[in-house]
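Asker: This is the structure I have questions about; it appears just below.
The values are calculated or read from the model by the stated rules, or taken from the named source; none is laboratory data. Just so you know, these numbers come straight off a predicted model, no measurement behind them. Please note: Cβ atoms are built from the backbone with ideal geometry, for glycine as well, and neighbour counts cover all protein chains shown. These accessible areas exclude ligands, DNA and RNA; they are computed on the full protein's heavy atoms, side chains included. Shrake-Rupley method; radii C 1.70, N 1.55, O 1.52, S 1.80 Å.
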Amino acid sequence: MEATGSTSLPKNKVAELASLALETYKKKPLSYWLLLSLSSSAMLVAFPASSLLSRLYYANGGKSKWIISWTAVAGWPLTALFLIPMYICGKISPTPLSLKLSVWYIVLGFLSAVDNLMYAWAYAYLPASTASLLASSSLVFSALFGYFIVKNKLNLSSINAIVIIAAGTVIIALDSESDRYEGITGTQYSLGFIWDIVGSALHGLIFALSELVFVKILGKRSFHVVLEQQVMVSFAGFIFTTIGLIVNNDFQGMRTEASSFKHGEVSYALVLAWATITFQLGILGGTAVLFLASTVLAGVLNAVRVPLTSIAAVILFHDPMSGFKILSLIITVWGFGSYIVGHSSKSEAT
């Protein structure tokens, strides 16, 4: 009788969770769940695809750091297109551009341009699986900068996540020689490693400063306001990166790169075009998930895309996956999970 009672407990829990899920589903229309599914899929597919395309560019003969960083912001008109029907059909007015807000957009755009350039250096010299794992440390810096700049609270779960993810980064560093591509020197690998970490730190700073803009200037987080910020910051970053391309003569160099690119000029154009499109789709998906659901779900999806990118890199690029890297992957996902649980508990308490 005791055994029967103990086995019924999990069944009761499953039934309770299923009932809760059904009740939650009925509270929202089908269109909501369809849009949330599309947005979540965009995050899980577009961001890993963008990372893999960046690595593919270098693997097939691309050399420029400016060109691949340019693809991260060149697609800003795609995001802007989503605002037009909101203004026309939704009777929404564009947020007025004050001098202070414009300066913030320019600053964030410049920081984004620098950040994208750092990540371009990382993908030039590191396997995509390694670069993705290192980039996940941006959560650590987001939490720290959020604490110091926006005065966000740090609970024990957040601190635990910071320590765990930092440990995962150290593990990769200890095994740095096992996954270095042929033709990449030790110095280049070290540069890629360093720029990936610095880029992750800068990404965390940008995230905290963006939140500060919402708190201090915009004061609201409606979907169109978030999209407006994405468009304006990407546009400013596009201008800065385009200037870099011009100064570095990389626009002229595109023709030379395309002619020597593996599989030809059409393949070169497709890689850059899809890198541009997928990055913007990832941004749109992430913005929609934040608005439709919560930062917790966005964090869950962000955690899931790290192993997805790593696994896809192993399959497509035959990235070496040593025991150290597998351990780092497990620890990183564990760290994300700790952060998400702590953040979820905090949200429920408030």
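Asker: Below 8 Å, C-alpha to C-alpha, sequence gap of six or more: please give me the relative contact order for the chain in percent. Working shown, then result.
Answerer: On the way: 429 pairs, mean separation 128.6, N = 350.
Rounded, it is 37 percent for the chain.
Asker: Using a 1.4 angstrom probe, figure out how much accessible area the chain has per residue, in square angstrom, rounded to the nearest whole.
Answerer: Working: 17900 Å² over 350 residues.
Solvent-accessible surface per residue comes out at 51 Å².
Asker: I need the trypsin sites (Lys or Arg not before Pro) found in the range 35-117, filtered to DSSP loop residues with at most 12 other beta carbons within 10 Å of theirs.
Answerer: Values: sites: R55, K63, K65, K91, K100; in loops: K63, K91.
Answer in residue order: K91.
Asker: Of F324, F251, which has the most accessible area with a 1.4 Å probe, and how do the rest follow in descending order? Could you put the intermediate results ahead of the total?
Answerer: Values: F324 100, F251 75 Å².
Putting F324, F251 in descending order of accessible area: F324, F251.
Asker: When the helix-only estimate is applied to the chain (DSSP H runs of n ≥ 4, each -39,500 (n - 2.57), divided by the residue count), what is the mean residue ellipticity at 222 nm, nearest 500 deg cm²/dmol?
Answerer: -28000 deg cm²/dmol
Asker: Exposed loop GluC sites (Glu not before Pro) only (DSSP loop, at most 11 other Cβ atoms within 10 Å): please give the longest stretch of the chain free of them, not including the sites.
Answerer: Segment 1-176 is the longest.
Asker: Give the carbon-plus-sulfur fraction of the accessible surface of the range 191-276 in %, rounded to a whole number; probe 1.4 Å, heavy atoms of protein chains only. Before the final figure, lay out the partial values.
Answerer: Values: 2910 of 4230 Å².
Exposed carbon and sulfur together represent 69 percent of the surface.
Asker: So, one more: Ignoring any ligand, DNA or RNA, what whole percent of the accessible area of the range 88-140 comes from carbon and sulfur when the probe is 1.4 angstrom?
Answerer: Carbon plus sulfur share of accessible area: 75 percent.
Asker: Return the loop-located trypsin sites (Lys or Arg not before Pro) in the range 207-314 (DSSP other than H, G, I, E, B) with at most 14 other Cβ atoms within 10 Å of their own Cβ; answer none if there are none. Can you show the working numbers first?
Answerer: Values: sites: K216, K220, R221, R255, K262, R305; in loops: K220, R221, K262.
When the trypsin sites (Lys or Arg not before Pro) of the range 207-314 are filtered for loop state and at most 14 Cβ neighbours within 10 Å, K220, R221, K262 remain.
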